[in-house]
Amino acid sequence: MISKVFRAIIMGPPGSGKGTISSRIVRDFKLNHLSSGDLLRAQVRSQTAAGLKAKEYIERGALVPDRLMVDLILDELKGLSSTDWLLDGFPRTVEQAKALADDVAVDTVINLDVPFDVIVSRLEGRWVHAASGRVYNLEWNPPKEQGKDDVTGEPLTQRDDDRPETVLARLKAYQEMTTPVTDFFREMNLLEQFTGTESDKIWPHVHKFLSSKLPPTG
Ligand code: G5P
Ligand code: MG
């Protein structure tokens, strides 16, 4: 069997379940998960030059400028060049998609098509473990112990950009800037669309699709 690295992208509106589905993909297929949002938030916490610049955009639910994003992500991907990876939240503009396509060959793009009306309430109830990116929802998948991460026991926090007015700005940015990216990948015959309102119903379809591309490891 020819051994080749596998490169996947997961896309979808804010709150569509990219992080949730990614953690299941990582569990079953052992891809390296790189989330652009988690990476940015780590840069903000460490107060790097990129983090300081990105902060004001993230806080108002706007997209961080392309140049900064492309440099940050392509640099991270260099470190993962010999591994299978899953990129979550990048690219988000056609400019970013072109820069990525010029640099690496992507095998597939998983697009989570979740209606906007179910998203806002999900994000109000989201709590995260910032260091790992693990996500919880008070109603849907609460932590075992209230306010604490299941794995480390560390405190959970809420994201600043999950306030309802910021969520609306993020959805608008998605509609305007990221929907054209799905067309870009569709034209390249790379887009696999998964439509639904519940991650548990979407997940078996994603699992089946990925199993046809690479064997599950666990
Ligand atoms: P992020 O961090 O990439 P978003 O907005 O794309 O942020 P987000 O909010 O991280 O996406 P998600 O990962 O798609 O959402 O969703 P999730 O965390 O798995 O699930 C959301 C919530 O719903 C959780 O509480 C989960 O438990 C719950 N949930 C999941 N499934 C279900 C279900 O079936 N039912 C229910 N009831 N609940 C469920 O980007 C953040 C910011 O960073 C910048 C931008 O400023 C962006 O706004 N940024 C970029 N800027 C420019 N270019 C880029 N490439 C950028 N990437 C990030
Ligand atoms: Mg996420």
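Looking at region 20-43, which of the residues that are small (Gly, Ala, Ser) and under 18 Å from residue 76 (Cα atoms) is most open to solvent (accessible area, probe 1.4 Å)?
42
Of the residues that make up region 44-67, is at least one within 15 Å of ligand 1 (Cβ to nearest atom), of a type in the set (Lys, Arg) and open to solvent by less than 30 Å² (accessible area, probe 1.4 Å)?
No - not one qualifying residue is present in region 44-67.
For (1) over 25 Å from residue 120 (Cβ atoms); (2) within 12 Å of ligand 2 (Cβ to nearest atom), each residue gets a yes or a no:
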| position | (1), (2) |
| --- | --- |
| 5 | yes, no |
| 8 | yes, no |
| 19 | no, yes |
| 27 | yes, no |
| 45 | yes, no |
| 48 | yes, no |
| 54 | no, no |
| 65 | yes, no |
| 68 | yes, no |
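Among the strands (runs of 3 or more DSSP E) confined wholly to region 96-198, which include 3 or more residues that are within 16 Å of ligand 2 (Cβ to nearest atom) and without any contact (Cβ under 8 Å) to a residue 40 or more places away in the chain? I'd like the intermediate steps shown before the answer.
Details: elements: 108-113, 126-129, 134-137, 191-195.
Answer list for region 96-198: 126-129.
To keep it simple, each residue is scored yes or no on (1) at pLDDT 95 or above; (2) farther than 27 Å from residue 206 by Cβ.
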| site | (1), (2) |
| --- | --- |
| 22 | yes, no |
| 34 | yes, no |
| 38 | yes, no |
| 46 | yes, yes |
| 51 | yes, yes |
| 56 | yes, yes |
| 60 | yes, yes |
| 81 | no, no |
| 96 | yes, no |
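In region 172-206, what residues are open to solvent by 50 Å² or more (accessible area, probe 1.4 Å) and within 14 Å of residue 29 (Cα to Cα)?
204, the sole residue that qualifies.
The values are calculated or read from the model by the stated rules, or taken from the named source; none is laboratory data. Only a predicted model underlies this, so the values are computations on that prediction, with no experimental measurement involved. All Cβ positions, even for glycine, are placed from backbone atoms using ideal geometry, and neighbour counts span all protein chains on display. For the accessible areas, the whole protein counts, side chains as well, though only heavy atoms, and no ligand, DNA or RNA atoms are used. Shrake-Rupley method; radii C 1.70, N 1.55, O 1.52, S 1.80 Å.
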